[in-house]
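*Asks:* Take this structure first; my questions come after.
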Amino acid sequence: MKQAMNGGYGGVPRWIYVLAAAGGLFVVLPLAAMVAKVNWSQFIPLITSEASLQALGLSLRTSAASTVLCIVLGVPLALVLARGSFPGQRVLRSLVLLPLVLPPVVGGIALLYTFGRQGLLGRTLEVAGLQIAFSTTAVILAQTFVALPFLVVSLEGALRTAGNRYEAVAATLGAGPTTVLRRVTLPLVLPGLASGAVLSFARSLGEFGATLTFAGSLQGVTRTLPLEIYLQRETDADAAVALSLVLVAVAVAVVALAYRSPRAAERAPAHSGERTTTARAAGGAVR
Amino acid sequence: MSTRKHARYALIAALLLGLAACAPASTTPTASQPATSQSPDATGQVSGTITVFAAASLKATFTQLASDFEAKNPGAKILLSFAGSSDLATQITQGAPADVFASADTKNMTRLADTKLLDGTAKNFATNVLEIAVPPSNPASIASFVDLARPGVKVVVCASQVPCGAAADTVEKAAGVTLSPVSEESSVTDVLGKVTSGEADAGLVYVTDVIGAGDKVKGIPFDESGKAVNTYPIATVGSSRNKELAAAFIAMVTGPDGQKTLSDAGFGAP
């Protein structure tokens, strides 16, 4: 049994393929079963109804907004976690990752007691004239809460893989910390940042539990696509299936996009000599 | 090397066979329910196990009724599953092992009757009407249904697609008032949650939800609620393996003991 000569050990026992096929089937089969249930003659009218279009539009808008918020809040967090050194760093990392494992409904309850009318900050915000409950802002906050860890994890991983040698060199050449960050660190990890952002967008798009608990459900304001599907399911199974397919299509597109960039990012450290150029090229490709 | 590999293949094959051998036992419903097909014993008591699918709004009362029933019939065991009526009806259509179905509306029961999934006909056992629920402090000073339409009042209702939302639409029409809710939830418990957490100034829920929530909300009855009365039917599911026990449980729910528990919880007589 000879392995293909690809410069390293790349052999996988054949039986693994059997189990892998079972794993793949386990994911694909339910999706195929759903596609088989689609009422194609009604498909276009079902997904272009006013309620459906408003839900899709709201989902895309809020997911884009929460992705921006994730970048604004997540990039500094990832930098501090990967490059900084301070007491309580491990605790902070665990806490930031918590929304990954929490049921979203728990996140919704937590947000309610923070930003809700009776919540920790809610009263102060209300005095300032800001009402978050039942608004699109509440949807964005719920999505950001659950999606932030995806960005932090991706970016922190990219930062650790990239190492800080180039940053050290830049610093010895007289660049200030902000210049190093802007000219060296961020370009180096751009693919990781991009895939993290895409994953955050995808997670925001699928957000359901926290939104339902925290933001409510009103057409055009807080009823995102997953909430619309949940509601349609009560009376119109065809509509629910059709909209689910739309969400699957958007998710597939997003995941495909995310998987293009990390591969480029992973390739970079393999050829250590040309790491910067590869990373730059990958960054360029993403852009 | 090759013998070790073979040994590994054999191990995996054995594991897979083991899994295959386990599978039928755990997926065949009959295997777990041999005790259900029992007949009444000499004392007229019923025994065995049945699964009751009941609307979410029946949670408190049916939990009580099931334990009362088990106390009277020591050989009987009632398993309860609560969810939205349309969810439960869908599950039964897909072959879920239910013996009794108690729906919060006639629509979902009719759906099962039309597809011949019921044994006999359904019997109405309770009614429920809407009530306004407000936080105990009543921040928006709601006193009547018309107050809900005041600008600035944050009202939460059910979406029209679910029974409580359909009822809300009906009373709105009857009262000649158009509400502009801040949220249309997909279940009555979500409406109640928005009121108990103080997010909403008022919500339209069932009388029984207000009673069930205790002092976390205040209920405000209104005249127009009588225009939208939800009727709760109960029936034996056709595929039940213990129709005797199912019938005995239904008889208890529709009988004096069951009706007393239901009316204590705020349900109306059918």
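Each reported figure results from applying straightforward, stated rules to the coordinates on display, with no laboratory input. All of these numbers come straight from a predicted model, not from anything done at the bench. So basically every Cβ, Gly included, is an ideal-geometry build from the backbone, and we count neighbours across all protein chains shown.
*Asks:* What are the residues in the range B:211-249 that are hydrophobic (A, V, I, L, M, F, W, C), more than 15 Å from B:Leu112 (Cβ to Cβ) and assigned to a helix (DSSP H, G or I), if any?
*Replies:* Within the range B:211-249, the first condition is being hydrophobic (A, V, I, L, M, F, W, C), and the residues that meet it are B:211, B:213, B:217, B:220, B:222, B:228-229, B:234-235, B:237, B:245-249.
Checking the rest, the ones that are also more than 15 Å from B:Leu112 (Cβ to Cβ) come to B:211, B:213, B:217, B:220, B:222, B:228-229, B:245, B:247-249.
Hits for the range B:211-249 are B:Ile211, B:Leu245, B:Ala247, B:Ala248, B:Phe249.
*Asks:* While we're looking at this one, here's another question. Closer than 19 Å to A:Val68 by Cα, at the interface with chain B (Cβ under 8 Å from one of its Cβ atoms) and buried (at least 24 other Cβ atoms within 10 Å of the Cβ), is that true of A:Thr222? Can you show your working first?
*Replies:* Details: closer than 19 Å to A:Val68 by Cα: yes; at the interface with chain B (Cβ under 8 Å from one of its Cβ atoms): yes; buried (at least 24 other Cβ atoms within 10 Å of the Cβ): yes.
Against the criterion (closer than 19 Å to A:Val68 by Cα, at the interface with chain B (Cβ under 8 Å from one of its Cβ atoms) and buried (at least 24 other Cβ atoms within 10 Å of the Cβ)), A:Thr222 qualifies.
*Asks:* A further question follows. Which residue pairs have Cβ atoms under 7 Å apart, sit 6 or more places apart or on different chains, and have a first residue in the range A:11-27 that is away from chain B (no Cβ under 12 Å) and a second that is assigned to a loop (DSSP other than H, G, I, E, B)?
*Replies:* Short answer, once both residue conditions are applied: A:Gly11/A:Gln3.
*Asks:* Please determine whether any residue of the range B:153-172 is of a type in the set (Lys, Arg) and farther than 14 Å from A:Ala133 by Cα.
*Replies:* Scanning the range B:153-172 turns up no residue that is of a type in the set (Lys, Arg) and farther than 14 Å from A:Ala133 by Cα.
*Asks:* Which of the residues spanning the range A:225-245 are surrounded by fewer than 20 Cβ atoms within 10 Å (Cβ to Cβ) and either touching a Cys at 6+ places or on another chain (Cβ under 7 Å) or more than 22 Å from B:Ser183 (Cα to Cα) (or both)?
*Replies:* Matches in the range A:225-245: A:Ala237, A:Asp238, A:Leu245.
*Asks:* Here's something else I'd like to know. Select from the range B:110-148 the residues that are exposed (fewer than 15 other Cβ atoms within 10 Å of the Cβ), farther than 21 Å from B:Asn230 by Cβ and either within 12 Å of chain A (Cβ to nearest Cβ) or not polar (S, T, N, Q) (or both) and list them in ascending order.
*Replies:* Within the range B:110-148, B:Lys116, B:Gly120, B:Pro136, B:Ser137, B:Ala143, B:Val146 qualify.
*Asks:* Pick from the range A:169-196 the residues that are hydroxyl-bearing (Ser, Thr, Tyr) and in contact (Cβ under 8 Å) with a residue 40 or more places away in the chain: which of them is farthest from A:Phe150 (Cα to Cα)?
*Replies:* Going through the qualifying residues, I end up with A:Thr185.
*Asks:* With the requirement that a residue be within 28 Å of B:Met252 (Cβ to Cβ), part of a helix (DSSP H, G or I) and of a type in the set (Ser, Thr, Tyr), what does the range B:191-210 give you?
*Replies:* Selection gives B:Thr208 alone.
*Asks:* Taking into account only those residues within the range B:149-178 that are at the interface with chain A (Cβ under 10 Å from one of its Cβ atoms) and in a loop (DSSP other than H, G, I, E, B), which is nearest to B:Asn128 (Cα to Cα)?
*Replies:* B:Val162
*Asks:* When only residues in the range B:179-222 that are without any contact (Cβ under 8 Å) to a residue 60 or more places away in the chain and more than 14 Å from chain A (Cβ to nearest Cβ) count, which is nearest to the chain's Cα centre (by Cα)?
*Replies:* Among residues in the range B:179-222 that are without any contact (Cβ under 8 Å) to a residue 60 or more places away in the chain and more than 14 Å from chain A (Cβ to nearest Cβ), the one nearest to the chain's Cα centre (by Cα) is B:Ile211.
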